[in-house]
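Since the structure comes first, as structure tokens, the remarks are kept for the end.
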Amino acid sequence: MNTILIGAQWGDEGKGKIIDVLTEEQDAVIRSQGGNNAGHTINIGKKKYVLHLLPTGLLRPGRLGIIGNGCVIDPISLTEEIAGLEKQGVKLNKRLHLSLQAHLVLPYHRYLDGLREDQAKGKRKIGTTRRGIGPTYGDKISRIGLRVCDMADLNHFEKKLLAGFREVNSSLKKQGYKPLTSKPLIKDCLKAAKKLQPYLSDTVTLIHDLRVKKKKLLFEGAQGTFLDIDFGTYPYVTSSNTTAGGACTGTGLPPMAVDRVIGAMKAYTTRVGEGPFPTENNELGDLLHGMGREFGATTGRARRCGWLDAVMTRYACRLSGFTDLALTNLDGLDHLEEIKICVAYRLDGKKLHVPPADSADLARLEPIYETFPGWKKDTSSCRKYAELPLKARRYLKRITELTETPIRLISIGPKREETILL
Ligand code: GDP
Ligand code: IMO
Ligand code: MG
């Protein structure tokens, strides 16, 4: 059984929490795209974990964690993340596998990401996580990147690093910027590579063998549908395919082997970074921030908040073919008088039912809303669908109608037990 879980909005939908709940029944959790730009929060008992690149499944004893070829791996930050997790009492032993074909995020990628952001003015700023994601995928597509397999032989790796730094420094100098002091940075990379060598793996064969043994595999999406490099709000996107197809190209899972695709969505919408957000609502943002919610797990930035946008979620369902939806943070709406859902857009007098391709159009269109009365009751103690207030159930029913996809999991709090399975 192979399940893909995808963020249906702009990331931070609560994927980490859902994956942790689902992993009870899984044998391996596999990341297929993105890097440590992700921040997946998992609360287990009194402990809180924030995972950036390590697959969430590693928090459950005995489960494998695989980082597929479609991911970008920052070796220095990954060794820190592993050390941090071990410090929290999670033993990796032989459970972590890194694809030999995944690309490496090197210190110069991080530097260039920050430099581009600092230099970008006004609309050109993307608000990236500054983790070097864009420059690394850029090198991959330009066919000049370094990969995990390059770390297998440290002498060879050092030579490749020297060449990489030389090229970046020469280009920095040409543009009038100070070159990077490569020596200590290369030393850090070599040190990290040595630590990571035990995890290098032929993950395609590993995944194939697990499938032959009928193991249950869960493909953990990072970011969300509207950050997808092709289908997102370009250029305010990340640099990978965050939709379901990315789980196949990013791991070697054959498309015909996919059994289930779950779309994770919040009961409202959030976005971090720049870019259009038709249903953005500052009052809702103030309310959620006032409750101590909606601060980024990776950068700590306050997330922009707004109403649920059913035009976008329906489009997300089409793109990834969600078989079910997992809806989180329903409890975030518990105390509102009125709740809105955007059901269509109006642009230049025309009604739209799909998001326009041009981000400039998305930024200027007008959302058309349906308004629902709030239930004004605490939902976090509900454990069955029937225990949810009637008005909350009506809200959920409308979401199913609008997205044409059944909701099979409802989350009403960050903890494992704060979950309703349908
Ligand atoms: P991810 O990137 O999709 O894994 O999501 P993040 O971890 O970045 O952000 C989701 C936040 O919402 C985290 O702080 C979670 O602990 C929290 N969370 C997830 N589901 C729920 C829920 O149903 N209710 C509440 N109150 N918090 C939730
Ligand atoms: P998870 O997996 C929310 C956003 C950044 C920025 C844009 C590009 O936790 O849902 P990048 O560093 O990727 O080049 O930044 O994408 N972004 C995310 N937003 N959740 C994420 O991951 C994100 N990863 C990147 O804020 O707008
Ligand atoms: Mg997150």
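Considering only C-alpha atoms, what is the centroid distance from the stretch 82-121 to the stretch 383-410, in Å?
Between the Cα centres of the stretch 82-121 and the stretch 383-410 lies a distance of 38 Å.
Report relative contact order for the chain in percent, whole number only (criteria: Cα-Cα under 8 Å, sequence separation at least 6).
20 percent
If I fit a long axis through the Cα atoms of helix 75-87 and take the longest principal axis of the Cα atoms of the chain, what angle between them do I get, 0 to 90°, rounded to 10?
60 degrees
Dividing the convex hull volume of the Cα atoms of the stretch 343-404 by its residue count, what figure in Å³ per residue is obtained?
With only Cα atoms used, the stretch 343-404 gives 124 Å³ per residue.
What Kirkwood radius, in Å to one decimal, follows from the Cα pairs of the stretch 34-118? Intermediate values should be presented prior to the final figure.
Working: mean 1/r = 0.0725 Å⁻¹.
One decimal place: 13.8 Å for the Kirkwood radius.
Residue by residue through the stretch 48-58, which ³J(HN,Hα) values in whole Hz follow from phi under the Karplus form 6.51 cos²θ - 1.76 cosθ + 1.60 (θ = phi - 60°), with glycine and proline marked x?
My calculation for the stretch 48-58 gives 10, 10, 10, 9, 10, 10, 5, x, 4, x, 4 Hz in order.
Please give the per residue accessible area of the stretch 176-240, computed with a probe of 1.4 Å over protein heavy atoms only, in Å².
Dividing the accessible area of the stretch 176-240 by its residue count gives 53 Å².
Just 135, 276, 373 to compare: in a GNM of the chain, with alpha carbon springs under 10 Å, which one fluctuates most?
373
Taking the chain as the region of interest, what is the percent of Cα-Cα pairs per 10 angstrom bin, listed from the shortest bin to the one with the maximum distance?
Going out from 0 Å in 10 Å bins, the chain shows 5, 22, 32, 25, 13, 4, 0 percent.
Give me the percent of the accessible area of the stretch 1-123 that comes from carbon and sulfur atoms, probe 1.4 Å, all protein chains in place.
51 percent
With a bin width of 5 angstrom, please list the P(r) values of the stretch 182-223 as percents of all Cα-Cα pairs, from the 0 bin to the one holding the largest distance.
With 5 Å bins starting at 0, P(r) equals 5, 16, 14, 14, 14, 14, 11, 7, 3, 1.
With every protein chain kept in place and ligands, DNA and RNA left out, what is the accessible area per residue of the stretch 272-422? Probe 1.4 Å, answer in Å².
Each residue of the stretch 272-422 exposes 47 Å² on average to a 1.4 Å probe.
Place the peptides 145-155, 117-127, 284-294 in order of packing, highest mean first, counting for every residue the other Cβ atoms within 10 Å and averaging per peptide. Don't skip to the answer; put the middle values down first.
On the way: 145-155: 18.2, 117-127: 12.5, 284-294: 15.6.
In decreasing order of mean packing, 145-155, 117-127, 284-294 become 145-155, 284-294, 117-127.
Where a Cα-Cα gap under 19 Å defines reach, which lysines qualify for residue 340, not counting those fewer than 8 residues away within the same chain?
266, 351, 376, 377, 391, 397
Normalise the Debye intensity by I(0) for the stretch 87-228, one equal point scatterer per Cα, no solvent, then take log10 at q = 0.09, 0.10, 0.13 Å⁻¹ and round to two decimals.
-0.37, -0.45, -0.74
Which whole number in µm²/s is D for the stretch 298-413 by Stokes-Einstein, with the Kirkwood Rh taken over Cα pairs at 4 °C and 1.567 mPa s?
83 µm²/s
Please report, in Å, the Rg and the Dmax of the stretch 11-156, where both are computed over Cα atoms only.
16.1, 48
The values are calculated or read from the model by the stated rules, or taken from the named source; none is laboratory data. Quick caveat, the model's predicted, so the values are computed rather than measured. As a convention, Cβ positions derive from the backbone with ideal geometry for all residues, glycine included, and neighbour counts pool all protein chains shown. What goes into the accessible areas is simple: the full protein's heavy atoms, side chains included, and nothing from ligands, DNA or RNA. Shrake-Rupley method; radii C 1.70, N 1.55, O 1.52, S 1.80 Å.
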